[in-house]
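Heads up, the thing below is written out as structure tokens.
The values are calculated or read from the model by the stated rules, or taken from the named source; none is laboratory data. Nothing here was measured: the structure is a model prediction, and the numbers come from that model. Ligands, DNA and RNA are stripped out before the accessible areas are found, and what is left, the full protein with its side chains, is counted by its heavy atoms. Shrake-Rupley method; radii C 1.70, N 1.55, O 1.52, S 1.80 Å.
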Amino acid sequence: MSIRHGLMALLAEGDGYGNQLRTSFEERTGGTWPLNIGQVYQTLDRLVRDGLVTTVEPGDGDLPPQARTLYGLTPTGRAEVVRWFAEPVSRAPAPRDELSIKLALAMGLPGVDVTAVLDAQRAATMRTLQALTSLRHRHLAADPASARKPWMLVLERLVFDTEAELRWLDHCQATLDPTEAPR
Amino acid sequence: MRFATAAPALAVHAAWRIHGAGRLAVTALAGVSLEVWPGELVAVMGPSGSGKSTLLNLAGGLDQPTRGDVRIMGTSTVGRRPAALAQLRRRHLGLVFQELNLVGSLTALENVALPRELDGVPVRTARREAGEALEAVGLGHRADRFPARLSGGEQQRVAIARALVGGRRLVLADEPTGALDTSTGDEVLRLIRERCDTGAAALVVTHNPRHAAWADRVVFLRDGREATRSDYGAEPFGAARPADRAAPADGRGLSAPTAGGTLGAPGVEGPARGSGELPLAGLAAALEAPR
Ligand SMILES: Nc1ncnc2c1ncn2[C@@H]1O[C@H](COP(=O)(O)OP(=O)(O)O)[C@@H](O)[C@H]1O
Ligand SMILES: [Mg+2]
């Protein structure tokens, strides 16, 4: 994903300055995707060029003109935001996942202990899940309202992905050793 | 996060458990060692038949190792008489199983008070302690209900209150979330986690990775041996590390662990350091690093 759609989605809520857009993008996503301001203005310029965003001419002030420019969506831009939300995201990168490929190569390769590969991964992935669970727990303990924050969804997505990887590792182990029940 | 005490709450040292003898011998556990310190939650995972329940039974003094040692609060269970073991259990540990073993004809409060009354504690004291234990698991308002009128998650919380009543500091739980849906199970683990963060110790068997992830340490068994383990290590799992607990309540106790260690990479940032900071900053880099 480019940040184009992210910025346009925020503009669908109302007009905004570049710096405001950057701040609210980072707040929503909890800082998982830091933006630099140059990137934001560059993207906004392209959106203006493509007719998706308009600008209100900057008034007077000490700040550079870009920082004084108010951005807003055009009707075409608004339609593009609607289209973006309606369209499912593709799962393209999954088959090239390094772990899948590593295990596919390890199976049947002489001298490679696949169980050891699985165990090492299991420990590392569990550690990630422990770290995510701890982080989630500390946020919820510090502020129960964080359960409903947009960035909490970002964090929980990582929890689900990590959990799924552990279940898949168990499945791989059970495939290697059919006497072993999947739990 | 381990509290600085003289001895672990539970120490299993090179423990073997062999059923039967000769050609019919079944090795249920083959040299497992682990420690659970006050403040720690340790999870045990592994396929069925890998020795999880055997380990838990040894840890609870319900069974004896064929070789090796098991110490509960510094006292070895090996060679101890059943009466002495029962006393050791009653003083220090609480057991929680998938099947709840709550007494149906007693209220939640009476169920929790029961082990203390069996300890010989006066009824009035036992009930007061039981009330406190129920408060600690967020069930003060359910004290007078019978088990049948509690949800599955509430019943399991009563079982945890019963395990911890009267100053018991070691909880052993075998698949405590097995009969619960994932999110109710998660609440049960959160509760055990919070008890540990205030100084209890827990050893929990689970097959759900999401539940195991509440632990400081996860030990994976296979064929009675430790296959691997994941150690969250020195990072405080809960809201604060012990050193911070003693510090003045200026919000620093909630600060995140500093960078390093957490994922073998830049540390995962913790919650709400100050109002302006982003809760997940640094997370992406930390997660990307090892792979
Ligand atoms: N009393 C017993 N007699 C013989 N074998 C036993 C006994 N208890 C357990 N086992 C065996 O020991 C192994 C470990 O069992 P257990 O600890 O119950 O595994 P888990 O809880 O991981 O499913 C299994 O192979 C089981 O069949
Ligand atoms: Mg079992």
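Over the Cα atoms of the range A:26-183, Rg to Rh with Kirkwood Rh, two decimal places?
Ratio of gyration radius to Kirkwood radius for the range A:26-183: 1.14.
What is the distance in Å between the Cα centres of the range B:210-231 and the range B:105-124?
34
Express the relative contact order of the range A:50-120 as a whole percentage, based on alpha carbon pairs under 8 Å and six or more residues apart in sequence.
Relative CO of the range A:50-120 lands at 23 percent.
Relative to the first principal axis of the alpha-carbon coordinates of chain A, what is the inclination of helix A:114-142, with its axis defined by its Cα atoms, in degrees from 0 to 90 and to the nearest 10?
Between helix and principal axis, roughly 40 degrees.
Explain nothing, just the number: relative contact order of the range A:98-176, from Cα pairs under 8 Å at least 6 residues apart, as a whole percent.
35
Measure nothing but the geometry: give the 0 to 90° angle between the long axis through the Cα atoms of A:75-86 and the longest principal axis through the Cα atoms of chain A, rounded to 10°.
The helix A:75-86 is inclined about 10 degrees to chain A.
If only Cα atoms are counted, what is the Rg of the range A:3-86, and what is its Dmax, in Å?
Both quantities, over Cα of the range A:3-86: 12.3, 41 Å.
Roughly what angle does helix A:18-28 make with the longest principal axis of chain A, taking Cα atoms, 0 to 90 degrees, to the nearest 10?
On a 0 to 90 degree scale, this one is about 30.
Explain nothing, just the number: relative contact order of the range B:1-136, from Cα pairs under 8 Å at least 6 residues apart, as a whole percent.
Numbers: 176 pairs, mean separation 28.4, N = 136.
So the answer I get is 21 percent.
Can you give the Rg and Dmax of the range A:98-176 based on its C-alpha atoms, in angstrom?
Just the Cα atoms of the range A:98-176 yield Rg and Dmax of 16.1, 53 Å.
Using a 1.4 angstrom probe on the protein heavy atoms only, could you order B:151, B:183 from most to least accessible area? Don't jump to the answer; show the numbers that get you there.
Working: B:151 60, B:183 80 Å².
Result of the area sort, largest leading: B:183, B:151.
What does the protein assembly as shown give for Rg and for Dmax, in Å, if only its C-alpha atoms count?
My reading of the Cα-based Rg and Dmax gives 26.6, 94 Å.
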